[in-house]
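Undergrad: First the structure, which I've put down as structure tokens, then a few questions once you've had a look.
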Amino acid sequence: MSWSLGREDDVITEWERSDGYATVRVRERGDGGFVVRLDVMEQAADESTYERERFSAREDALDRAAAWRAERDLDE
């Protein structure tokens with residue numbers, strides 16, 4: 001299943017999986033760092049999970065978000 005960009009502004013960039021059961025979000029923190037969050041809901045065909053990691057650089061956060069999307073992509 002593919003991912004689409006659902007939100008992109010000065011603070012948050014978020015992707016949603018096409019089945020609607022998973023999201024990946026990059027958010028800028030008040031201190032200038034970044035948080036990446038993976039949320040896969042219980043109803044999803046794959047295993048439910050919630051993960052969160054902090055990064056000091058936006059590029060590192062975006063790389064982690066891309067890796068999570070690739071790991072959680074589902075065959076259609």
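Undergrad: Is there any pair linking a residue in region 20-48 that is without any contact (Cβ under 8 Å) to a residue 12 or more places away in the chain to one that is open to solvent by less than 20 Å² (accessible area, probe 1.4 Å) and part of a strand (DSSP E or B), with Cβ under 9 Å and at least six apart or on different chains, and which?
TA: GLU47/VAL40; SER48/VAL40
Undergrad: Within region 55-71, take every residue that is of a type outside the set (A, V, I, L, M) and open to solvent by less than 60 Å² (accessible area, probe 1.4 Å) and give me the one that is nearest to TRP3 (Cα to Cα).
TA: So in region 55-71, the residues of a type outside the set (A, V, I, L, M) come out as 55-56, 58-60, 63-64, 68-69, 71.
Now restrict to residues that are open to solvent by less than 60 Å² (accessible area, probe 1.4 Å): 55, 64, 68-69.
On the way: PHE55: 22, ARG64: 15, TRP68: 11, ARG69: 7 Å.
The residue in question is ARG69.
Undergrad: I've got another one for you. Which members of region 2-37 meet the condition of being surrounded by fewer than 14 Cβ atoms within 10 Å (Cβ to Cβ) and either touching a Gly at 6+ places or on another chain (Cβ under 6 Å) or among the charged types (D, E, K, R) (or both)?
TA: The answer is ARG7, GLU8, ASP9, ASP10, ARG29, ASP31.
Undergrad: Follow-up question, since we're still on this one. For region 38-54, what are the residues that are part of a strand (DSSP E or B), of a type in the set (D, E, K, R) and open to solvent by less than 80 Å² (accessible area, probe 1.4 Å)? Talk me through it step by step, then tell me what you get.
TA: To start, the set of residues in region 38-54 that are part of a strand (DSSP E or B) comprises 38-40, 49-54.
Pick out the ones that are also of a type in the set (D, E, K, R) and you get 39, 51-54.
Scanning region 38-54 gives ASP39, GLU51, GLU53.
Undergrad: Is it the case, given these coordinates, that VAL35 is in a strand (DSSP E or B), modelled with pLDDT of 95 or more and within 17 Å of LEU5 (Cβ to Cβ)? Show your work before the answer.
TA: Numbers: in a strand (DSSP E or B): yes; modelled with pLDDT of 95 or more: yes; within 17 Å of LEU5 (Cβ to Cβ): no.
Taking the combined requirement at face value, the residue does not satisfy it.
The values are calculated or read from the model by the stated rules, or taken from the named source; none is laboratory data. Computed from a predicted structure; not experimentally measured. Ideal geometry is used to build each Cβ from the backbone, glycine not excepted, and the neighbour counts take in all protein chains shown. What goes into the accessible areas is simple: the full protein's heavy atoms, side chains included, and nothing from ligands, DNA or RNA. Shrake-Rupley method; radii C 1.70, N 1.55, O 1.52, S 1.80 Å.
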